[in-house]
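Report on the following structure.
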Amino acid sequence: MNKSIIAGLVGLAFHPAVHAIEDTIKLNDVVVTATRTPQLLENIVGDVTVIDREQIERIGAGSFTDLLRLQPGVQINTSGGAGTASSIFLRGTNDQHIVVLVDGLRINSATQGTTAYEKIPLSQIERVEILRGPASSLYGADAIGGVIQIFTRKSLSEKPLINAAVGLGSYNTKTAEFGINGGVNALKYGVNVSSLDTDSFSARRIRRGKDADDDSYRNLSTSAFAELELAQGHTWGLQFFESKGHNEYDGSNYENFSDQLLQSYAFTSKNQFTDTWHSTFKLGMGIDDLDSHAKPNTNSAPSNKNYNPSGITNYRTEQKQLTWQNDVKLPLGMLTLLYDRLEQDVDSNPGPRIKFKKERNNDGFMASYVLDYEKHSFQASLREDHNTQFGNYTTGGAGYGYRISPEWRVTASYGKAFKAPTFNQLYYPKITGYSGNPNLAPEQSRNREVSIRYEVRQFSTGITAFYNEIENLIVNGDPVRNVDQATIQGATFEGNWNITDDLLLSGNLTVQSPRDDDTNQLLVRRGNRYGTVNLQHTWGNLQWGAEVNGASTRYNDASNKIPMSGYMLVNMTANYKLSPEWKLEARANNLLDKNYILSYATSTVPYNTAGSNLFVGLRYNMKP
């Protein structure tokens, strides 16, 4: 990564000026994810980023992963173009160390332990909250690296409001979206539908076999909600989200493609029983269903008896979820008592003779306390999980913040977290050098972090330093086993500077050392440095922006023998208001047409990444 970028980011992080305009992090933002209760962002002890709908439309990112890669502490890994499998590294932890929620429901795959970020359209997202750091004491298993919570489109306007957009771009990309949100007396409702169709590009850099064409992607997604106020302080709500994706991808066989369904739906009852007692009951389900198809090439088919000659595999995860949360306002602070139940069922068919169907249940009991008093902020949580597969596990965390002056604030926190083994890691059949191990223990971590932040009207800057020790790391093999330990230490720098009323400079830089304790090698696909610089300017009805995103050298393997060189990407965005309700949008990615690698398909064959590309669109947002 270019040293001048790093110098610029560090300089920005320490610039003795002042807080950014409303397009950046807002101090009056209300955050839910960090404590499971609504709290002002300025009082949060944890390391949190909030992205609202206005920012999503201004940035104009092509996908959810493109949006995430610009955020502090986030690195991404892709396996080709639009719709191909993507993963997220959060402050050096891997994708299986992140809990991802859509409207409060888990939607990750319990077989692989990952989330299909690439199948979550930005058109369906109203807001994203990213909590970096351990959160198992709030959310249970898998929150070693943090939590990413997605809130789907929702408006509580009394008047029916319509939003719509169409767009065209490189790789024969076509998008469309339409939504209507409104209310009738005590009923609020909304429906949003969007589609994406693109030819994309060939996923593999070296074309192999007969499947050496562009790998197209199609997606159709829907979200809907209804909320009825039964009486003052008492509401019932229904929430639905669905994304259907169809991918073509490169392989050693002909006609490789996959179909994936993400779905979540929930019923929520919110009740303000007294002035000091608020209760929320949620019952829902999250589904991840992946079908992969590949016409077999008998010349390259493994001889293993579990190999599937039909070329069809299926992995389906169903997660039934129940949460009962009670928030009690005390004379000083807020006490939260919570019970949740998670029932995970998987039905996998990786081979013609192998079809394993497994389930496990988890009952969680959590108590937390949050206090904001004068210059002091305090948060503590304790959780006990009872799991039918790996037994009982207790986690806890605590954090303290102190406002030294109106401009300066410091925080410190400590937390324990754990990750449950996935169903593949536990039960996968012996196929080509990989097999599950039902005796695996959960991974566990201890994280310490401190931060200092400075904020005035036109400028803000902050530094968060973290030290995360992870034990019992699960590594692939025959069988899968607990062997490794890792230490991830580093710091994230952030800065926002409103240079003039119309010109904003912002940036973030993460400097870290994510290493295997036994070998002292960098963890797979994670770099020492990565970050983003963003410049935005408003001139009348025109708003334009330029961003630089980069990362240092990473390695595709645990022994650090397959390097992936550092890269720097330059992108530009623009939007022009034709009227208060109509807007033209444009985004140009990878302006310098850089050739870079995020991951390898094999030890010698990298996945392709997008070259220079352009997207233009027209958007309509009806005003109240």
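Here's the yes/no breakdown for (1) in contact with a Gly (Cβ under 9 Å, 6 or more places away or on another chain); (2) closer than 27 Å to MET572 by Cβ; (3) surrounded by 21 or more Cβ atoms within 10 Å (Cβ to Cβ):
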position: ASP47; (1), (2), (3): yes, no, yes
position: ASP52; (1), (2), (3): no, yes, no
position: GLN55; (1), (2), (3): no, yes, no
position: SER63; (1), (2), (3): yes, yes, yes
position: PHE89; (1), (2), (3): yes, yes, yes
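Of everything in the stretch 529-561, what is assigned to a loop (DSSP other than H, G, I, E, B) and within 23 Å of GLN489 (Cα to Cα)? Give them in sequence order. Residues satisfying the conditions are SER552, THR553, ASN556, ASP557, ALA558, SER559, ASN560, LYS561. Here ALA143 passes the criteria (1) small (Gly, Ala, Ser); (2) crowded, with 23+ Cβ neighbours inside 10 Å; (3) touching a Gly at 6+ places or on another chain (Cβ under 8 Å); (4) modelled with pLDDT of 95 or more except the one numbered (3). Each residue in the stretch 444-484 was checked for being farther than 28 Å from VAL533 by Cβ, surrounded by 15 or more Cβ atoms within 10 Å (Cβ to Cβ) and not basic (Lys, Arg), and 12 pass. Here LEU591 meets each of (1) over 22 Å from SER86 (Cα atoms); (2) crowded, with 20+ Cβ neighbours inside 10 Å; (3) among the hydrophobic types (A, V, I, L, M, F, W, C) with one exception, condition (2).
GLU229 meets the conditions (1) over 25 Å from LYS577 (Cα atoms); (2) within 21 Å of the chain's Cα centre (by Cα); (3) in a strand (DSSP E or B); (4) of a type outside the set (Phe, Trp, Tyr) in every case but one. The failed one is (2).
When PHE390, PHE365, PHE378, PHE356 are checked against the criterion of being modelled with pLDDT of 95 or more and surrounded by 16 or more Cβ atoms within 10 Å (Cβ to Cβ), a single residue qualifies: PHE378.
In the stretch 592-619, what count of residues is obtained for those that are over 30 Å from GLU177 (Cβ atoms), in a strand (DSSP E or B) and within 23 Å of the chain's Cα centre (by Cα)? Selection size over the stretch 592-619: 1. Per the conditions (1) at pLDDT 95 or above; (2) touching a Ser or Thr at 6+ places or on another chain (Cβ under 8 Å); (3) basic (Lys, Arg), the sole criterion not satisfied by ARG127 is (2). Look at the stretch 188-207: where a residue is over 19 Å from ASN608 (Cβ atoms) and a partner is of a type in the set (D, E, K, R) and part of a loop (DSSP other than H, G, I, E, B), sitting 6+ places away or on another chain with Cβ atoms under 6 Å, you get GLY190/LYS154; ASN192/ARG153.
Residues checked against (1) assigned to a strand (DSSP E or B); (2) closer than 30 Å to GLN536 by Cβ; (3) touching a Leu at 6+ places or on another chain (Cβ under 6 Å):
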position	(1), (2), (3)
TYR402	yes, no, no
VAL410	yes, yes, no
GLY490	yes, yes, no
PHE493	yes, yes, yes
THR510	yes, yes, no
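Got a number for residues in the stretch 609-622 being within 20 Å of ASP215 (Cα to Cα) and out of contact with any Phe, Trp or Tyr (no Cβ under 6 Å at 6 or more places or on another chain)?
Of the residues in the stretch 609-622, the ones within 20 Å of ASP215 (Cα to Cα) are 609-615.
Narrowing further to those that are out of contact with any Phe, Trp or Tyr (no Cβ under 6 Å at 6 or more places or on another chain): 610-615.
The total comes to 6.
The requirement of being closer than 25 Å to ASN192 by Cβ, touching a residue at least 12 places away in the same chain (Cβ under 8 Å) and either out of contact with any helix residue (DSSP H, G or I) (no Cβ under 9 Å at 6 or more places or on another chain) or outside any strand (DSSP E or B) (or both) is fulfilled somewhere in the stretch 126-142, by at least one residue.
The values are calculated or read from the model by the stated rules, or taken from the named source; none is laboratory data. Quick caveat, the model's predicted, so the values are computed rather than measured. As a convention, Cβ positions derive from the backbone with ideal geometry for all residues, glycine included, and neighbour counts pool all protein chains shown.
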